[in-house]
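The structure under discussion appears below in the form of structure tokens.
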Amino acid sequence: MPTMRLVIARCSVDYAGRLTAHLPSAPRLILVKADGSVSIHADDRAYKPLNWMSPPCTLKEDDGTWTVVNKAGEKLIITMEEVLHDSSHELGVDPGLIKDGVEAHLQELLADRIETLGEGYTLIRREYPTAIGPVDILCRDADGATVAVELKRRGDIDGVEQLTRYLELLNRDPHLAPVKGVFAAQEIKPQARVLATDRGIGCLVLDYNAMRGIEDDKLRLF
């Protein structure tokens, strides 16, 4: 079973790709996740890494130097000076976040009214299973292309990141690819909208009351 690897080390980090970035020597936490992603963390910033490489990517360890390369040829080079901790753990399949009543009902309503996404859309299924958790809604557009929808009450950057991970995984399936993404929420924060747009993900603002038939329909697809 794939494992999560946790390394605490004094290290410096260099990124070479569309731009360059350097992190000077300091103690840091390095996570190598079962999906192949590598991220470097400091003891601040809450959940946000200092730098990272999303899967699919390869990791090569050679004489105290880790070189992580993604499919675009971008490199994350970690120079190890002192390893303080190195352990691996099998976490298994995560069940994902349990949606609250509103999010669960939004999912049900949108699945019943899948044409909200556009004329000619058809539902494949709700809670489409993947190795990293279920996709809220999987459907097809009028041209037959696969579309993955992630639903939130309040849409922030975390939700966009979650959908990005689903899309990366789903696009490896030749029966589904290419898969587009739609991030749907009652409220989408500006930063989340910018990130979604940059990644080619559509944003859908949902009016919960309108979907329940309490007032006029005010769904807006941007």
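Of note:
- Centre-to-centre, using Cα atoms only, region 98-153 and region 70-84 are separated by 37 Å.
- Percent of Cα pairs in the chain per distance bin of 10 Å, from zero to the largest separation: 7, 29, 31, 20, 10, 3, 0.
- Whole-number percent relative contact order across region 4-89, with pairs defined as alpha carbons under 8 Å at least 6 apart: 35
- In the chain the longest region clear of GluC sites (Glu not before Pro) that are loop-assigned by DSSP and have at most 13 other C-beta atoms within 10 Å covers 120-214.
- With a Förster radius of 41 Å applied to the C-beta separation of GLU187 and ASP63, the computed FRET efficiency comes to 0.25.
- Across the chain, C-alpha contacts under 8 Å between residues 6 or more apart give a mean separation that, scaled by the residue count, equals a relative contact order of 13 percent.
- With 0.36 nm allotted per residue and the present C-alpha distance subtracted, the THR20-THR3 stretch has 3.2 nm of extension available.
- Subset of LYS60/LYS180; LYS33/LYS71; LYS152/LYS189; LYS152/LYS180; LYS71/LYS189 violating a 23 Å alpha-carbon distance limit: LYS60/LYS180; LYS71/LYS189
- Charge tally around PRO178: other residues with Cβ under 13 Å, Lys/Arg +1 each, Asp/Glu -1 each, net -1.
Throughout, read-outs are computed from the coordinates displayed, never taken from laboratory work. Fair warning: this is a prediction, and the values are worked out from it, not measured in the lab. Glycine gets a Cβ as well: all are built from the backbone with ideal geometry, and neighbour counts include every protein chain shown.
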